[in-house]
């Protein structure tokens, strides 16, 4: 059985249509359809139910999908099994937006130098969505805010950095953080985001409920709105913040209780432990 045919089937299920999957796999839709038909002949049952432009997995397809994903993943790992130092192959890494622009560029340069045969496949996302992808086996590791709950034994966390809470205000704004919150709209770091809880906690401890302009789980966007004079924001001092706050006043807020911790989440028993350790080392530098 061709594992690339299984890979095509998985792509169709994930994309929801043969045409969309064909674009991601860089083959024609006809070729994708032929691969599925070859699988159906070999297995002896239907895998897809076609309705208009969509293709839905049959119950039989859903039943074999977890094993098909494992087979495709194991086949992709074969090339690295003969690698003595374990620093080759592809590592699928998810990252929150601030890690993409702040921590990862320098880490990629260092990893390219230390492990030239390795390749990172990077997927953006929120902390919660990346944690779910990690548990589903869709990625190997994730750079996220430390989860607000105890991790399962199957997942381990490596601490990377701590980011203290600061206030962003327009460049010409003057006054204390509490005075600025009383005078100006509050561009709120989404309280439902894992990192947003620290700003919510600080406000609760100060006994303040400012007038909220909007909720955002994109710190770069908050900085840009503040720079445009739309209001003030409470954000962690993330790695790379300097690129976005040139037109903002950055005010420190004392207290370790309001620090966001960034961690590298991975399986407790990873498939590429040496490569994962090399990534963690470069990220922590």
Review point. Could you say whether any residue in region 130-143 is at pLDDT 90 or above, farther than 27 Å from residue 220 by Cα and either touching a helix residue (DSSP H, G or I) at 6+ places or on another chain (Cβ under 7 Å) or in a loop (DSSP other than H, G, I, E, B) (or both)?
Key: no
Point to revise | Selection from region 7-17 of residues that are part of a loop (DSSP other than H, G, I, E, B) and surrounded by 15 or more Cβ atoms within 10 Å (Cβ to Cβ) | key: 17
Practice item. Could you grab me the full set of residues in region 18-40 that are under 13 Å from residue 2 (Cα atoms) and surrounded by fewer than 16 Cβ atoms within 10 Å (Cβ to Cβ)? Key: 34, 37, 38
Practice item. Could you check region 19-120 for helices (runs of 4 or more DSSP H) lying wholly inside it with 3 or more residues that are under 15 Å from residue 8 (Cα atoms) and at pLDDT 90 or above? Key: 29-43, 59-77
Exercise for review: For region 224-234, indicate whether the set of residues that are closer than 18 Å to residue 101 by Cα, in contact with a strand residue (DSSP E or B) (Cβ under 7 Å, 6 or more places away or on another chain) and in contact (Cβ under 8 Å) with a residue 60 or more places away in the chain is non-empty.
Suggested key: no
Review point. When region 190-216 is examined, which residues are found to be over 17 Å from residue 258 (Cα atoms) and within 18 Å of the chain's Cα centre (by Cα)?
Key: 216
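The values are calculated or read from the model by the stated rules, or taken from the named source; none is laboratory data. Owing to the predicted nature of the structure, the values given are computational and were not obtained by experimental measurement. Heads up, the Cβs are rebuilt from the backbone with ideal geometry, glycines too, and the neighbour counts pull from every protein chain shown.
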